[in-house]
1. Which of (1) at pLDDT 50 or above; (2) surrounded by 21 or more Cβ atoms within 10 Å (Cβ to Cβ); (3) not aromatic (F, W, Y) is the odd one out, the single condition T38 does not satisfy?
2. I89 versus (1) modelled with pLDDT under 90; (2) within 12 Å of the chain's Cα centre (by Cα): which is the lone unmet condition?
3. Could you tell me which numbered condition N195 fails, if it satisfies all but one of (1) surrounded by fewer than 16 Cβ atoms within 10 Å (Cβ to Cβ); (2) at pLDDT 90 or above; (3) polar (S, T, N, Q)?
4. For residues that are in contact with a Gly (Cβ under 9 Å, 6 or more places away or on another chain) and within 17 Å of C52 (Cβ to Cβ), scanning just the stretch 138-155, find the one that is surrounded by the most Cβ atoms within 10 Å (Cβ to Cβ).
5. Name the single residue, out of those in the stretch 153-185 being among the small types (G, A, S) and out of contact with any helix residue (DSSP H, G or I) (no Cβ under 7 Å at 6 or more places or on another chain), that is modelled with the lowest pLDDT.
6. Taking the stretch 163-189 only, how many residues are touching a His at 6+ places or on another chain (Cβ under 6 Å) and closer than 17 Å to D69 by Cα?
7. Go through (1) within 16 Å of the chain's Cα centre (by Cα); (2) in a helix (DSSP H, G or I); (3) aliphatic (A, V, I, L, M); (4) over 20 Å from D69 (Cβ atoms) and name the single condition I122 misses.
8. What is the number of the single condition among (1) outside any loop (DSSP other than H, G, I, E, B); (2) of a type in the set (S, T, N, Q); (3) touching a helix residue (DSSP H, G or I) at 6+ places or on another chain (Cβ under 6 Å) that S113 does not meet?
Amino acid sequence: MQTVKIILVFSSLCGLSLLTSGCLSSSTAFDFTRHCQTTVAQTAENIGNAGCLITKPTKTNAQILLIDDGQGFGPPGGTSDWLNKAKGIKEMAWQTACRETFEEVLGDAAQKSDQLMLGKEIKRFENGFRLFSCTPSPDFLQKTQKDGIWEHQDGSGVPVTVKVGWFDSASALKIDWRFPEQKQLVLDLAFPKNNNKSDKHE
């Protein structure tokens, strides 16, 4: 049985809703109770931007799931809606990470059965981004089992086309990252047993 680990980085919060068809849309608030679970105690003070890094094993090596919303590749992520009074949302960091992952990785393809299990915060970047370890449900993971890079509309309702793809450590070093200064930090967390320093591949 394949195991997949997700590490979450801060990102922006946008509302998603449940449609009668079972898909998610941007018309109402994201259903945290249905889609997001956590294995550790999360404090109300732990708020801010978050997103996710997903890794999975393959027959030859490990891979990470990265997205590009037009500004360069990186783990799914965005901004917190902690004080969005219009939506009545008060979102903790782990919830921000969960919602952003749904919006950017699955978009409108998300279904009621898709879930993420979030663990502890494993990294906090200098700019405040937090990373959480996390595991997707089988239904969530199945929707990412595609070849190459695929595209879909961001699930937040913003008219943005998101590119999504799996990368091994070598190919992840060669693509353009939105935050180049975070690239090696992210890859060291995703591939702790690999010597994936940039100067080894140039």
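The values are calculated or read from the model by the stated rules, or taken from the named source; none is laboratory data. Since we're looking at a predicted model, the values are computed, not measured. In this analysis, Cβ positions are derived from the backbone assuming ideal geometry, glycine residues included, and neighbour counts consider all displayed protein chains.
1. (2) is the only condition that T38 fails.
2. (2)
3. The single condition N195 does not satisfy is (2).
4. G155
5. Step one: of the stretch 153-185, the residues among the small types (G, A, S) are 155-157, 165, 169-172.
Right, trim to out of contact with any helix residue (DSSP H, G or I) (no Cβ under 7 Å at 6 or more places or on another chain) and you get 157, 165, 170-171.
Values: G157: 82, G165: 94, A170: 95, S171: 96.
By that ranking, first place goes to G157.
6. 0
7. Checking I122 against (1) within 16 Å of the chain's Cα centre (by Cα); (2) in a helix (DSSP H, G or I); (3) aliphatic (A, V, I, L, M); (4) over 20 Å from D69 (Cβ atoms), the one that fails is (2).
8. All conditions are met except number (1).
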